[in-house]
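All of the numbers you see were taken from the coordinates with simple rules; none came from a lab. Since we're looking at a predicted model, the values are computed, not measured. Cβ placement follows ideal geometry from the backbone for every residue including glycine, while neighbour counts extend to all protein chains displayed.
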Amino acid sequence: MKVPGWALLSSLLLAELLPGASVHVVKYESQADVNVFVAGQESQADLCVRLVRYASQALGTDDFWHYVKYESQADVKIFFVSCESQADIRVFFVKHDSQAGWRTQSPFQGRLAARSQ
């Protein structure tokens, strides 16, 4: 099936206007935009995250994350902390799309995917 040129162009423009939650994990806390603690239970999380394979699946969302290899490709740089008290947000990784989303109010709500480049 041949894709019309306008459809391809509009999808590229949409990807530019709605950046996804492309996430890069940094090695040092000082390099991070957000410090993240992985909660042991869904009820302890600020944000339930669904990992997706493709960046297009995460467009414009905080709760669907796509890991990228390079910092320059990322919308947000995160550092995983081992102590909950050091975290900006607590996340819990879920298996189903319907489980993903914010559970508490956070100053980072809407900023993980919408960070300007």
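Structural remarks
- Simple spin-label estimate for LYS95 and VAL38 in nanometres, 7 Å along Cα-Cβ: 1.6
- Stretchable slack from LYS69 to SER30, in nm (0.36 nm times residue separation minus alpha-carbon distance): 12.2 nm
- Restricting the chymotrypsin sites (Phe, Trp or Tyr not before Pro) of the range 57-117 to loop positions (DSSP other than H, G, I, E, B) with no more than 14 neighbouring Cβ atoms within 10 Å leaves TYR70.
- Estimated Rh, the range 20-102: Kirkwood, alpha-carbon pairs, angstrom: 12.7
- Each listed q (0.17, 0.27 Å⁻¹) maps to a log10 I(q)/I(0) for the range 40-87, found by the Debye formula over equal Cα scatterers with no solvent: -0.62, -1.15.
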